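J.: Take this structure first; my questions come after.
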Amino acid sequence: MTSGPGDPQIVPISPVFGAEIHGVDLASGIDDETFRLVHQAWLEHGVVAFRDQSPLTADAQVEFALRIGPLHTHPAAPAEHANAAVFVIRTHRDSSISNGNGWHSDVSCDEEPPSATMLQIQLLPHCGGGDTLFADMEAAYATLPATTRERLCGLSAIHASAHVYPGRYADRSDGKEALATPSAVHPVVRTHPETGRRSLFVNPSFTVAIDGMDSAEGGELLTELHEHCTRPEFQIRHRWQPYDVLLWDNRRVQHFAIWDYWPNERSGHRVTVQGTRPFFDPEGPEPDESPLRLSIGRLA
């Protein structure tokens, strides 16, 4: 992706995926051409980090996200902000859990999971830490043997939340309505609706079984896939600076928010964009041969 004088500067984070964007002030708003460049970078790199930002108001964050698409509402987490579209991310001394502290794609248990997530951390831990890891599922798919890819393209997986959400959100419920615990069946390999590229779409937080497969065989396959998906070759690590904004594509990446800063506090605001139902296009192209050389995990 090229840019001219005065355009946002797109700086790749790794040869695989991820980029930093400089020269964009989200709090002041951006014009249509700048948004087009940002949107193109997001689709190309999967994760984009906006550096040198100032605090975003809820309205500014929502306004930007709406340019990508309609907003997604979390099925279980209660609204804790005056603007119901804003999901408060906060972990502190008395927290029993930390948001995002495990590999996942946001709310993959929904029939139509979020496409984009936009997060600004507005309070960083005084001790440092609180980084966010990302793993690229396009690279994970592309590095599998052709025979394995062919097998996976015919499979679907069950994504559930009954084992996750009650323990996380029950104490924040008003008790008037039962806590929602959605589940859905999605293809193990999904086709990106905008780029046409293929990626793995399973994660250890929400994916509980391979649809129609014996539990032992399916469990073994999922374990193998989860181990493969989180290889270091597919990862980047975002070290937060004050008021950074991250925008990531849940249709392509997983993420993991590290909780290494207790008893310090970390907080911010998240907005997600409604996605479409995941699908697999059997007529779509297979990826080119990956240039990645995967380690065996030890020196030899």
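The values are calculated or read from the model by the stated rules, or taken from the named source; none is laboratory data. Just so we're clear, the structure is a prediction, and the values are computed from it rather than from any experiment. Note that each Cβ is placed from the backbone with ideal geometry, even for glycine, and that neighbours are counted across all protein chains shown.
J.: May I ask you to list pairs of residues, at least six apart or on different chains, whose Cβ atoms are under 6 Å apart, with the first in the stretch 137-151 being of a type in the set (D, E, K, R) and the second being surrounded by fewer than 22 Cβ atoms within 10 Å (Cβ to Cβ) and not in a helix (DSSP H, G or I)?
T.: Once the first residue is of a type in the set (D, E, K, R) and sits in the stretch 137-151, its partners that are surrounded by fewer than 22 Cβ atoms within 10 Å (Cβ to Cβ) and not in a helix (DSSP H, G or I) give GLU138/ARG197.
J.: Counting residues that are among the hydrophobic types (A, V, I, L, M, F, W, C) and closer than 30 Å to TYR165 by Cα, which strands (runs of 3 or more DSSP E) fully inside the stretch 1-98 reach at least 2?
T.: So the answer is 47-50, 87-91.
J.: Among the residues of the stretch 139-150 satisfying the criterion of being touching a helix residue (DSSP H, G or I) at 6+ places or on another chain (Cβ under 9 Å) and not polar (S, T, N, Q), which is surrounded by the most Cβ atoms within 10 Å (Cβ to Cβ)?
T.: Step by step, filter the stretch 139-150, then rank; the result is TYR141.
J.: Can you tell me which residue among GLU217, GLU194 is over 19 Å from the mean Cα position of the chain (by Cα) and either assigned to a loop (DSSP other than H, G, I, E, B) or not hydroxyl-bearing (Ser, Thr, Tyr) (or both)?
T.: Going through GLU217, GLU194 in turn, the sole match is GLU217.
J.: Can you give me the number of residues within the stretch 15-38 that are farther than 19 Å from GLN254 by Cα and in contact with a Pro (Cβ under 9 Å, 6 or more places away or on another chain)?
T.: Qualifying residue count for the region: 9.
J.: For the stretch 23-33, state whether one or more residues are among the hydrophobic types (A, V, I, L, M, F, W, C), crowded, with 17+ Cβ neighbours inside 10 Å and at positive phi.
T.: No, the stretch 23-33 contains no residue that is among the hydrophobic types (A, V, I, L, M, F, W, C), crowded, with 17+ Cβ neighbours inside 10 Å and at positive phi.
J.: Could you list, in sequence order, the residues of the stretch 63-90 that are aromatic (Phe, Trp, Tyr) and at pLDDT below 90?
T.: Correct list: PHE87 only.
J.: In this structure, is ASP136 crowded, with 17+ Cβ neighbours inside 10 Å and at pLDDT 95 or above?
T.: In short, yes.
J.: Sticking with this structure for a sec: With more than 16 Å from the chain's Cα centre (by Cα), closer than 21 Å to GLN254 by Cα and crowded, with 19+ Cβ neighbours inside 10 Å as the only criterion, which of ALA65, ALA41, ALA49, ALA76 stands out?
T.: ALA76
J.: Under 6 Å between Cβ atoms, at least 6 apart or on separate chains: pull out the pairs that start in the stretch 258-271 with a residue that is more than 17 Å from THR117 (Cβ to Cβ) and end on any residue that is surrounded by 19 or more Cβ atoms within 10 Å (Cβ to Cβ) and not β-branched (Val, Ile, Thr).
T.: TRP259/SER98; TYR261/PRO125; TYR261/GLY130; ASN264/PRO125
J.: Could you tell me which of the residues GLY154, GLY167 is modelled with pLDDT under 95 and under 27 Å from ASP281 (Cβ atoms)?
T.: GLY154 is the lone residue from the list that is modelled with pLDDT under 95 and under 27 Å from ASP281 (Cβ atoms).
J.: Assess whether ARG277 counts as being modelled with pLDDT of 95 or more, under 30 Å from HIS81 (Cβ atoms), assigned to a strand (DSSP E or B) and basic (Lys, Arg).
T.: No.
J.: Something else now. Can you confirm whether the stretch 211-226 contains a residue that is in contact with a helix residue (DSSP H, G or I) (Cβ under 7 Å, 6 or more places away or on another chain), surrounded by 17 or more Cβ atoms within 10 Å (Cβ to Cβ), of a type outside the set (Asp, Glu) and under 15 Å from PRO187 (Cβ atoms)?
T.: Checked the stretch 211-226: no residue is in contact with a helix residue (DSSP H, G or I) (Cβ under 7 Å, 6 or more places away or on another chain), surrounded by 17 or more Cβ atoms within 10 Å (Cβ to Cβ), of a type outside the set (Asp, Glu) and under 15 Å from PRO187 (Cβ atoms).
Residue-wise test of (1) modelled with pLDDT of 95 or more; (2) outside any loop (DSSP other than H, G, I, E, B).
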| position | (1), (2) |
| --- | --- |
| THR181 | no, no |
| SER199 | yes, yes |
| SER205 | yes, no |
| VAL208 | yes, yes |
| GLU227 | yes, yes |
| GLN241 | yes, no |
| TRP262 | yes, no |
| VAL271 | yes, yes |
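J.: Let me ask something additional. Quick one: is ALA300 more than 27 Å from ALA49 (Cβ to Cβ), aliphatic (A, V, I, L, M) and either in a helix (DSSP H, G or I) or touching a Phe, Trp or Tyr at 6+ places or on another chain (Cβ under 9 Å) (or both)?
T.: no
J.: Quick one: in the stretch 268-300, of everything that is hydrophobic (A, V, I, L, M, F, W, C) and within 16 Å of the chain's Cα centre (by Cα), which residue is nearest to LEU200 (Cα to Cα)?
T.: Per the criteria, the residue is VAL273.
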